[in-house]
Amino acid sequence: MVKTVVFVGKDVIEENAKLAQRLRELYDKYGVIVYEFLGGPGSGKTSLIERLVPIMLREYRPERILYIGGDVATTLDTERIAKLGIRTVQINTGGTCHLEVPHIEATLKQLGGEEILRDLDVIIIENVGNLICPFNFPLGAHARIMVVSVAEGKDKFIKHPVSTKVSDIIVINKIDLAKAVGVNVDYMIKTAKEINPRAPIILASAKTGEGVEKLYQVMKEHIKRERT
Ligand SMILES: Nc1nc2c(ncn2[C@@H]2O[C@H](COP(=O)(O)OP(=O)(O)OP(=O)(O)O)[C@@H](O)[C@H]2O)c(=O)[nH]1
Ligand SMILES: [Mg+2]
């Protein structure tokens, strides 16, 4: 078997990483916590956020939480999250498979410039549904949360080692479907741990709510560690 490895766009990725560091400094200047959700299409990112926002609302006022929804073409996810009463902004990439730092900068500008960060406690970014590109383009978030559902098959972590490695928290979602799709969850946990021993792994179901409180606890613990 012939195997080739091709590296594409290294300069673009490096440039974005530098810009992401600037964004992180900006978030920190205003004390805003930024969570980013990444994962394949339909893995359950929006559904998990729908579950997490009511938990966050025990702590923060709705106008101090901003959801930024990255999507190729629609406003569907942002409409779902807007129903929860928090601030929302839609970014349509028009075909690109991921968000980049300039998307976030343009959004902040549109909201009135960096001063808007004074009015916020938390930003939740949902990246475009894709298990590859978004992971290569950090947005300065304090926690990058990878969402993989059991319905995508048991091999997602080994097939996407780079994405797995750069994630701070890993969610195995749709745990309620594990039996139905015949997936060995222990195998998923084992492979994720081997590739990324530093990321906590949470088993969750956005449908039943299982694991969501635990996920939020782990997200907060991660932020605490980031800040010390
Ligand atoms: N059974 C089950 N269904 C789920 C779960 N989480 C999400 N779903 C369903 O999976 C579908 C996709 O969920 P979304 O939350 O829209 O997925 P997403 O990752 O935001 O999708 P994109 O934004 O399109 O990438 C929806 O029909 C959800 O109701 C879960 O834990 N269990
Ligand atoms: Mg979504």
Contact order normalised by length for the stretch 7-95, with contacts defined as Cα pairs under 8 Å and 6 or more residues apart; what percent is it?
22
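If R0 is 35 Å, what FRET efficiency do you get for C97 and E25 from their C-beta distance, rounded to 0.05?
Between C97 and E25 the formula returns 0.85.
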Test of understanding: given the chain, find the longest segment containing no chymotrypsin sites (Phe, Trp or Tyr not before Pro) that are in a DSSP loop and have at most 15 other Cβ atoms within 10 Å.
61-228
Given Cα pairs under 8 Å that are at least 6 residues apart, what percent is the relative contact order of the chain?
24
Would you mind checking which residues have amide H under 5 Å from T88's amide H? H placed 1.01 Å from N; only 5 or more apart, or other chain.
Y67
Spatially near lysine pairs across the stretch 112-188, Cα under 16 Å, sequence gap of 8 or more or different chains:
4
Tell me the Rg and the Dmax, in Å, that the Cα atoms of the stretch 109-152 produce.
13.8, 42
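Between A106 and K224, 0.36 nm times their residue separation minus their Cα-Cα distance comes to what?
Difference between extended and current length: 39.6 nm.
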For L203, residues with placed amide H under 5 Å, excluding near neighbours
I172
Find how much the distance from T74 to K207 grows on full extension, using 0.36 nm per residue of separation minus their present alpha carbon separation; answer in nm with one decimal.
45.6 nm
Over the chain, what portion of Cα pair distances is larger than 24 Å, expressed as a whole percent?
42
How much net charge surrounds L99 when only other residues with a Cβ under 10 Å from its Cβ are counted (Lys, Arg +1; Asp, Glu -1)?
-4
Can you compute 3J(HN,Hα) from phi for each residue in the stretch 201-212, using the Karplus curve 6.51 cos²θ - 1.76 cosθ + 1.60 with θ = phi - 60°, rounded to whole Hz and x for Gly and Pro?
10, 10, 8, 9, 9, 5, 6, 8, x, 4, x, 6
The ³J(HN,Hα) series, computed from each phi in the stretch 157-165 with the Karplus coefficients 6.51, -1.76 and 1.60 at θ = phi - 60°, rounded to the nearest Hz and given as x for glycine or proline, is 5, 6, 7, 10, x, 5, 4, 5, 5
Summing +1 per Lys or Arg and -1 per Asp or Glu among the other residues with Cβ less than 14 Å from T191's Cβ gives +2
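In the chain, once you exclude exposed trypsin sites (Lys or Arg not before Pro) (DSSP loop, at most 16 other Cβ within 10 angstrom), what's the longest stretch remaining? Display every interim value, and only then the final one.
Details: sites that count: K3, R58, K83, R198, K207.
By the stated rule (loop sites, at most 16 other Cβ atoms within 10 Å), 84-197.
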Give a residue-ordered list of calculated ³J(HN,Hα) values for the stretch 33-47 (Karplus: 6.51 cos²θ - 1.76 cosθ + 1.60, θ = phi - 60°; whole Hz; x for Gly, Pro).
8, 10, 10, 10, 9, 10, x, x, x, x, 6, x, 4, 5, 4
Report the calculated FRET efficiency for E194 and E15 (r = Cβ-Cβ distance, R0 = 41 Å), to the nearest 0.05.
0.85
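Rule-based calculations on the coordinates, nothing more; no lab input. The shown structure was predicted, so the numbers you read here are calculated from the model rather than taken from an experiment. Don't worry about glycine lacking a Cβ; one is built from the backbone with ideal geometry, like all the others, and counts go over all protein chains shown.
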